Each structure stands twice: as C-alpha cells, then as structure tokens.
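Down below is the structure, laid out as structure tokens.
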Amino acid sequence: MATLYVDEQGAVVRKRALQVIVTKGGKLLREVPLNKVDRVVLMGRGVQISTALMAEFHQRGVPVMITNKRDSTAYGDGYGPSRLVTLRMKQMLKMTDPAWALEQARAIVGGKLANQRALLVRENWPAAPTAIVQIDNALAALAAAPTVDIVRGHEGAGAAAYFAAWRAVFGQQWGFGGRAYYPPPDPLNAVLSFGYTMLFHDVRNAVEQV
C-alpha cells in the first residue's frame, strides 16, 4: 500500500490536475500522481489539505488519516459515519447481547494470543519458552471465561508474558522496559505504536467498506 506521509508543519496538500502536490510558502515540496496514492497520513495540526483533494480521495476510496506530529495519537480519518441506519441499529443491538459479545471477545483475544505465541516460537528467543507456557495457560483458560472482563484478564496475562520476552531481548540495547505509550518512551515502543496506528486504520477502513 503506497502511503503519502506529510509531517512538514505549515504545508498544504492539494490537487493539481491528476497530481497531489505538497507546498509550503509557495515552494513545491512534493508531487505525486493521484493514482499512485493508496493512503494519506497528515501528521500534526499544522498540515492542511484542500477540500477539492478531500473530495477526490473520498471518491477514490483513499483514506486520509490525521494524527499528531509524533503519530502516537489518531484524531480521525477521511471516512464519515455510515448512513445505513437500520444496519447500525442492528449492530448496536448486537453489542448489547452479552453472549454474542463474549463470543467475539474470546475469538479476538484467542487470535491475538495465538499470533503472539507463533512469533515467539518462530523467533526462539531464550526467554520465549517461559512466555509460551504462560500464553498457553491463558489460551486454555480462555474457552471457559464467563465474562468479557475475565477474557480481558487473560489477554493482559498473555501480553505481559509476551512483552517480557521482548524485554529480555531488546531491553539493554533499545531501552525497552515493556509496552508503553502516550508518548512511547523508547524507539521500539515508538515503532510498535506507529505500526498499531496504521494497522488500526487499515482494519477500520476495511470494515467500513464491507
């Protein structure tokens, strides 16, 4: 996915013919063909975008993400709320169904724990075996979890074990003491936060389109 990042404060992003141009103070900073842009990330409140270009991106289905300058906080994106009122009402009703919510929570957390386990098995770090046992325990208990809060507890236990293995590998060299954000205190956490932000928008946009 080709992503256009704009973090120059005071820059203006606009359309010229079939090009996306980025200017500041009348100076051209960048020029990209419209059909080469799959996603736009505007980093910082000092970056502006023209309404003509926003309309063009909306028609093309190109998401425009707005974050703070560090990209650790997402303010919004270019997709507006759906007008499918009946569908949204049914979705809201589903959210109030405890059995359905519990089923979804188990599935999501189960997938997350399984993927964390798979990465640890693949990397085979010295601290991985201990973390894998703890994640296996969380996975085994997940199926019988009677509430969403307990599901969250198993997710937290798995995450603690997972990032403890990361800390054993990256702690000394990268200053990684565990998962932390707002703002990320070290380079590894910054990369994780950035990746999670991009992934969140990709997933949300896919859901909105469906």
Is there a residue in region 162-173 that is surrounded by 13 or more Cβ atoms within 10 Å (Cβ to Cβ), part of a helix (DSSP H, G or I), under 15 Å from the mean Cα position of the chain (by Cα) and not β-branched (Val, Ile, Thr)? no
How many residues are in contact (Cβ under 8 Å) with a residue 40 or more places away in the chain and surrounded by fewer than 17 Cβ atoms within 10 Å (Cβ to Cβ) when one looks only at region 4-37? 2
Selected residue (criterion: modelled with the highest pLDDT) from residues of region 53-75 that are open to solvent by less than 30 Å² (accessible area, probe 1.4 Å) and in contact with a Ser or Thr (Cβ under 7 Å, 6 or more places away or on another chain): 67
For residue 119, indicate whether it is in a helix (DSSP H, G or I), modelled with pLDDT under 95 and surrounded by fewer than 16 Cβ atoms within 10 Å (Cβ to Cβ). no
Which residue pairs have Cβ atoms closer than 7 Å, lie 6 or more positions apart in sequence or on different chains, and pair a first residue in region 104-116 that is farther than 12 Å from residue 158 by Cα and touching a residue at least 24 places away in the same chain (Cβ under 8 Å) with a second residue that is in a helix (DSSP H, G or I) and open to solvent by less than 60 Å² (accessible area, probe 1.4 Å)? 105/148; 105/151; 106/142; 106/151
How many of the residues making up region 76-94 are modelled with pLDDT of 75 or more and surrounded by 10 or more Cβ atoms within 10 Å (Cβ to Cβ)? 7
Tally the residues that are part of a helix (DSSP H, G or I) and either surrounded by 14 or more Cβ atoms within 10 Å (Cβ to Cβ) or touching a residue at least 24 places away in the same chain (Cβ under 8 Å) (or both), restricting the search to region 174-195. 7
Test: residue in region 38-52 that is assigned to a helix (DSSP H, G or I), among the hydrophobic types (A, V, I, L, M, F, W, C), open to solvent by 50 Å² or more (accessible area, probe 1.4 Å) and at pLDDT 90 or above: yes
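The values are calculated or read from the model by the stated rules, or taken from the named source; none is laboratory data. Please read all numbers here as calculations on a predicted model, not as lab measurements. In this analysis, Cβ positions are derived from the backbone assuming ideal geometry, glycine residues included, and neighbour counts consider all displayed protein chains. Each accessible area value is taken on the protein alone, full model and side chains, heavy atoms only, with ligands, DNA and RNA left out. Shrake-Rupley method; radii C 1.70, N 1.55, O 1.52, S 1.80 Å.
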